[in-house]
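Asker: Before I ask anything, let me first share the structure, which is written out below as structure tokens.
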Amino acid sequence: VNRSSSANDDNRVTEIEPKVGDRVLSVHPASMAIMYLAVILSTVPFGSTVGHMIAYFPSASIALVLLAGFFWFKKIEPTPFMKKMSWVVQFPLIMCLAFLLMVGFTISGNPQNHFGLLPLAAFCCNMLSFMVLTKPAPSRMGFMGGCVTVLLLIQVAVKQTLLDSIAAALVFFLVWCSMASRHATSPQNPRDNLGFFKTLVMSVKRTGLVLCVSLPMMIAFFLLFPRLPLGAVQEERPSQSSGSTGLSNSLTLGSITELKSSQEPAFRAIFKGDFPTEPSLYWRSIVLDKLKGQTWLSSTQMSGAFAVPRTTEEADKDGKKPEPPLSIQKSRGTAMPYGEIIDPNNRGQQIAVLDGTENNVVVSFNNNSVALAPYVDGTYSLRPTIKALRQGVVKVHAIGAVAYTRPEWSTLRPDNLGEFTDLPANFNPKTQAFGKQLRSKLDKPESVIDEVMSMIRRENFRYTLKPPALGQQAIDDFFFKERAGFCEHYASTFVVLMRSAGIPARLVTGYLSGPVKNGEIAVSQADAHAWAEVWLDGKGWVRQDPTASIDPSRVDPDATNARLESTPSGFLGFLNVTWRKNATQAEMFWRNTMLEFDSGTQSKIFSEMGVSKFGTPLLAAAAMLLMAGVAVAWQYLGDRWLRRIGRFGKRGLSDLLERSCARAGIERPAGTSWREVLALSERRLSKADWQELKALVEAHEQITYGAQGSDASAVKELSRRIRRFRPRAIGLASKMPR
Amino acid sequence: VAGLRAKRPQEQAPSAGLTAFKSPSPLMVKISRMLGVRHGHRTGSTLLGVHQIATVPTGAVFWLACGFGVALYYSSKFQVNVGYAMAFGGFTMLMTSAWFSFFSMRGVRMTARPVARACHAGETMRFQIEIEETLGRKRRDLILHAGRQQFAVSVGARSCVTVEFDAPTQHRGSLLAPMIKLSTLYPMGLWNTHHLWTPLQEGDVYPLPEDNAPPLQGLESESGDGGSSSDLNDHGDALVSMRQYRAGDSPKRVAWRTFAKTDGRVMATKQSQSGAQRVDDLWVDEAAVAHIHHAEQRLSRLCAWLHQAHDSGQTYGFKACGVVLEPTSGPDHLHQCLRLLAMAAGAQKIVAFENATTPRKAPV
């Protein structure tokens, strides 16, 4: 051992001098800066609802008064720099606080969610806003970290795409960096704080180190933690109130342009059995049959419970009792005459189903897969996935709701067929007149359709994603003047023409995809499409896609590449085409591996390992206990192992004897022999104890200095004897201070 | 003598920010012993292993764990896989940082060095602790707490540093080293990993030398005022000096007044000038201060005289507490004499930073 401190650069002892009125180990400014950044990043997404704050003012102000009282009662000091700093620094801080408070108000005032996540978010926002103004203490930084974690959780619960998850992970990392830099002091001079940037680097290094070491364990916990069985989730996940991309419940000319430009994946379908071989597939989603102003809406609004018990035939087939269905009472789906939207988790987003599919459909909402049984009496039953998978049905991975369709419904004549020819009188009069004129010229509905289609092909109709602006009578403008647009323009014009010609027609929105490859297909939001359906007696509803009739020479070359060349919003907009493709693939991968992981996947892992018979929860509990055991044993057995290999200081016989004697207050100062200790302790121990000590000392001398040398078994025996020796002090010695 | 004037213990700063580290209460010691933590015995050295190191969460750990718990609860409620990952990541990082903290303490050996220099009551005593690294890893961010003092310590691999700290003394006797704490917040500042240790260290605390003490008799005669009576008794006795009572001395020659005044602690035999004893040597004799009523004041006077004698460079003998130290000189001799005073009846054994009461005022 190197005893001279000058020989080793790492050796350093510095006295930490307390400054009066200031804690040396208070929070480092870098730590505060990182934490404030994390606070802002974690609360900004909640700011989208700030506009509604006024309505919730009363409840929020009560909470504020209570909190202020709490802080006053606890005598928490205000941030010292609030007094010292100039308004240039104060102003953003106060704005930050005001922003947080507004967010807190807004969320806490949400009357529908008193015990859900959103009140929690409100609480966290409110607490964080107060923390910004109070003097930071180390433990309070921990509290802020906890609040930020909860806010991050709420965000990923709403939206867990790859980008959102990465952002959340980064903010989470910031929280840890802030923790690591709380106590940063300069190693050269511990009475001073380390510099700002050095602290940043130090905290990132340390957090990275700890993260790297804990990553395998984290993955193990993630894989092994028992998950709830499929379909057991009944609570409504908080949804985003704005900014959702996807087909909406209504269609106004021009709105689909945004959708076209979105590169977000819409859904993925896996076909377990036969799959369709058509070169292009129409995935239907919403049927829009009612015109309100310029906007197409769906006519049938249905609310309430969507679940029905399983049919008795199905129960008999399984040999089990009918399971109570999962009821989604909070769902606010919109029922269509055929094709249905049910959206238990993410309201406002729909998913299409392959037109004409007869199978049951398995839909996964993020990771909660449910099977959709046939439509009976206007309701659907939802069951867990596995059974449906065993039946070999189509699996559709998607965010959002599902539409389900059966071919025979398309032949069911709607009672209200007359309503499908309704058009307001002052709605695009030129187009209506043109339609009536066509019908008077041509007798059969089929020939009217053919005429319109050939007209679109013949005349100078162009397909472009950047249509010119249209006036009040948008369809008149389009059909007679501009003649440039995309699917939405053509489909809605077609429907108006058909209706004015007396042919029942409606708009269908959904996705138009390429062929299925290897039983699998991924559809993105850029594939969104709109087409029309007309009712033909004897044939039922027949799909008509006027967009497909455009002469290919008049298709805007940009539009064919629009999927890749259009600039999507957000992060993807910064990437070039190749990287955008990669990003989309990564997003798909993320969805299929991370978000799809559920109890089914977990039980699959266990069954592959051949241990599934013990049951998932038991196995998971056993594995985690094992990990914890290893962790503790690592500490406890580590000492022994180090001692065995001689790297840890050996506890000699003399040390053991010292420890035993210390129990009775008998000490062996440095430089004293055991004989001397023996002589001094005669009066301080009982006769028996002293005799035993004497014997031990003699045995120790014999082993250490004896002529015959030490024998391993003798050493072991003596150390055992010393461990058993527990002398007790007598008389005054027992009252001596130690 | 003036240089040795004792410093009065200075008033502690009322709120110096850092709170003094106090040894745990007896109940806490019992509880920690039940938990297998073995501290409290005074030992010469301690090697930090799993039984010695306590890993205590800070408040931040509590709040963070609350946050992760909430995240876990809602993740399982809503099946949020990213939330699961975040919660497990948080928990495992908490655990890992505790391990790192533990491993940064294991294998550190602390050794108590014998107290190098005794001191007078009211001065500060210096304790020295060696901190040694045994496992070949650099240790950073160690903090040694002793009373109100804190030391940032970093030790290189297989290297050793010495930490010195001062403790105030208030009463004659001996001062025991306080319980000290070696702690670390490495790496995340979340776990207060520490070891409490009471080093086996003890230093003598000499009495406070009296201010403006009258000069020692022998010194006075040498400095020119010689020839005056060396009679220590103020009742005209022909016998001029006294020595320690030895078995066989005549009871008639025993200084019974001194005996009575000192409550029987000093039993001296009167000796005539013409006796066998040489008076060339300088003697510091307890009998000479027998007239002072207050015991501690007597010791103070003797202490001051011993310093006078030592400073004069002459050989001097010392008689007190029934012990006669033959005349000689040198610091060792001075230490022997002062030690005798320190251990005289009424000595207190005090643990540093504890039982800190103000010293009794000497009667005017």
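Quick note: the coordinates plus some simple rules give every number you see, no bench work behind them. From a predicted model like this one, the values you see are computed outputs, not experimental measurements. Reconstructed Cβ throughout: ideal geometry from the backbone, glycine too, with neighbour counts over all protein chains shown.
Asker: For a Förster distance of 30 Å, can you work out the FRET efficiency between the beta-carbons of B:Arg148 and A:Ile730, rounded to the nearest 0.05?
Answerer: After rounding to 0.05, the efficiency reads 0.25.
Asker: Express in nm, to one decimal, how much length is gained between B:Lys138 and B:Arg113 on full extension, taking 0.36 nm for each residue of separation and deducting their alpha carbon distance.
Answerer: Full extension of this stretch gives 6.7 nm more.
Asker: Between A:Ala469 and B:Phe62, what is the label-to-label distance in nm when each label sits 7 Å out along the Cα-to-Cβ direction?
Answerer: Result for the modelled spin labels: 6.3 nm.
Asker: Ok, one more. I need the peptides A:139-147, B:284-292, B:156-164 ranked by packing, meaning the mean over residues of other C-beta atoms within 10 angstrom, with the highest value on top.
Answerer: A:139-147, B:284-292, B:156-164
Asker: What is the mean number of Cβ atoms from other protein chains located within 10 Å of the Cβ atom of each residue in peptide B:184-193, rounded to a whole number?
Answerer: Averaged over the peptide's residues, the number is 6.
Asker: If I take R0 = 30 Å and measure r between the Cβ atoms of A:Ala220 and A:Arg640 in this structure, what FRET efficiency does the formula 1/(1 + (r/R0)^6) give, to the nearest 0.05?
Answerer: Efficiency, from the Cβ-Cβ distance: 0.70.
Asker: Also, quick follow-up: Give me the distance between the Cα centres of region A:26-45 and region A:626-647, rounded to whole Å.
Answerer: Taking the Cα centre of each part, region A:26-45 and region A:626-647 sit 38 Å apart.
Asker: So how far, in whole Å, is the C-alpha centre of region A:430-493 from the one of region B:111-130?
Answerer: 103
Asker: Extension gain A:Tyr705-A:Ser673, at 0.36 nm per residue separation less the Cα-Cα distance, in nm?
Answerer: 10.2 nm
Asker: Give the separation of the Cα centroids, region B:146-164 to region A:669-708, in Å.
Answerer: When both Cα centres are located, 34 Å separates them.
Asker: Also: Using only atoms on other chains, find how many Cβ atoms lie within 10 Å of each Cβ of peptide B:55-63 and report the average.
Answerer: Mean inter-chain Cβ contacts per residue within 10 Å come to 5.
Asker: Tell me, what ³J(HN,Hα) does each residue in region B:176-188 have, in order and in whole Hz, if you take phi through Karplus 6.51 cos²θ - 1.76 cosθ + 1.60 with θ = phi - 60° and put x for Gly and Pro?
Answerer: 8, 4, x, 5, 10, 10, 9, 9, 8, 10, 5, x, 9
Asker: Turning to a different aspect of this structure: Ignore the peptide's own chain and count Cβ atoms of other chains within 10 Å of each Cβ in B:157-165; give me the average, rounded.
Answerer: 5
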